[in-house]
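A short worksheet on the structure shown next.
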Ligand code: SF4
């Protein structure tokens, strides 16, 4: 009602006018990203899929570095479908949230088996694939298939809350914000509109310090006009994440090899390599009980500062315990990896942090002492 009144008075532009202004801005300011097609060209669906899955919980800067290497290793869905899961997980290193890599691999096999190697282009067909949520399906439809869809993620919700001064906290405001974004849908250049919204959220209407002075929507932005843009969107307070603690054991053999194990295929960090550890439990670290989970009886030396990592539903603090084994039988059974070959393992971020603390990995992630790759 208020919007219609403002529109009638010429204060609030129509969705079509907003889209047109945003597209004009995009033509001048679009980001150059390795997965994007040249201006006026339709992007390759596999490139869009891969970038969108990688971008789900990882920054564009990190994805830019990893995307090209992943694509060189798996240039199309058929190559990805033919690969071993361990190979895919290894190539995913540095991106985190490995569940995405396993889903992408399953998707490649599914598309190869059931769709002749071509991604379906409709929302239902896309949503039926592993790892494809409503956002990724809409992004694919708009960017790869030229359909009038608007992918709505947290960035777009933030921009809509500010543009329309929606002060209802999230998640209650979701339907309204989603509706506002979807009203921008555009038939001529749907892929560009989707990418323009992504660019605006990433480079101009940023979470903390929106750059309203260079925004194509400044004149129409109700949040900016009221001086409260940076406070939006409001959110209902969320409960603090619990902290889990444990010991991680770094056992070294006389030949320098380190002991690892593989996590079960399902669940958190499924299928990845890790240092053996005690169970990760809430509350203070019960040292004696945790040491009972050590892979060998040894003189375990504990690092003073735990290594921390934030997962979606809990925070993890692992204290590193180091020891050497001189056991004549080669030490406990497990995966013994030579210190110079750690980059052959699929290691989650928390394990890389621990190995860096121990000096087994350099800050850049290469095995300490290994020759640099050029
Ligand atoms: Fe965001 Fe400012 Fe643009 Fe409004 S004017 S959409 S708050 S950057």
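The values are calculated or read from the model by the stated rules, or taken from the named source; none is laboratory data. These figures come from a predicted structure and were not determined experimentally. Positions of Cβ are backbone-derived with ideal geometry, glycine not excepted, and every protein chain shown enters the neighbour counts.
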Might you let me know whether segment 137-151 holds any residue that is part of a loop (DSSP other than H, G, I, E, B), assigned by TED's automatic domain parsing to the domain that holds residue 74 and within 16 Å of the ligand (Cβ to nearest atom)?
yes
Report every pair of residues separated by at least 6 positions or lying on different chains whose Cβ atoms are under 6 Å apart, first residue within segment 255-284 and without any contact (Cβ under 8 Å) to a residue 24 or more places away in the chain and in the same structural domain as residue 325 (by TED's automatic domain parsing), second buried (at least 16 other Cβ atoms within 10 Å of the Cβ) and outside any loop (DSSP other than H, G, I, E, B).
263/274
Failed item, numbered, when residue 208 is tested on (1) at pLDDT 95 or above; (2) within 26 Å of residue 61 (Cα to Cα)
(1)
Counted residues in segment 197-231 being under 23 Å from the mean Cα position of the chain (by Cα), near the ligand (Cβ under 10 Å from one of its atoms) and crowded, with 17+ Cβ neighbours inside 10 Å come to 5
When segment 39-68 is examined, which residues are found to be modelled with pLDDT under 90 and either outside the structural domain of residue 146 (by TED's automatic domain parsing) or part of a loop (DSSP other than H, G, I, E, B) (or both)?
39, 40, 41, 42, 56, 57, 58, 59
Restricting attention to segment 237-249, does a residue exist that is in contact with a strand residue (DSSP E or B) (Cβ under 9 Å, 6 or more places away or on another chain) and within 16 Å of the ligand (Cβ to nearest atom)?
no
Can you tell me how many residues within segment 303-324 are in contact with a helix residue (DSSP H, G or I) (Cβ under 9 Å, 6 or more places away or on another chain), surrounded by fewer than 16 Cβ atoms within 10 Å (Cβ to Cβ) and at pLDDT 95 or above?
1
Criterion first (away from the ligand (no atom under 16 Å from the Cβ), in contact with a helix residue (DSSP H, G or I) (Cβ under 9 Å, 6 or more places away or on another chain) and free of Cβ contacts under 8 Å to residues at least 24 places away in the same chain) does residue 188 satisfy it?
yes
Which condition number does residue 240 fail, the rest of (1) touching a residue at least 60 places away in the same chain (Cβ under 8 Å); (2) not in a helix (DSSP H, G or I) being met?
(1)
The condition from (1) surrounded by 18 or more Cβ atoms within 10 Å (Cβ to Cβ); (2) out of contact with any strand residue (DSSP E or B) (no Cβ under 6 Å at 6 or more places or on another chain); (3) outside any loop (DSSP other than H, G, I, E, B) that residue 288 misses is numbered (1)
Could you grab me the full set of residues in segment 7-30 that are modelled with pLDDT under 95 and outside any helix (DSSP H, G or I)?
9, 10, 11, 12, 13, 14
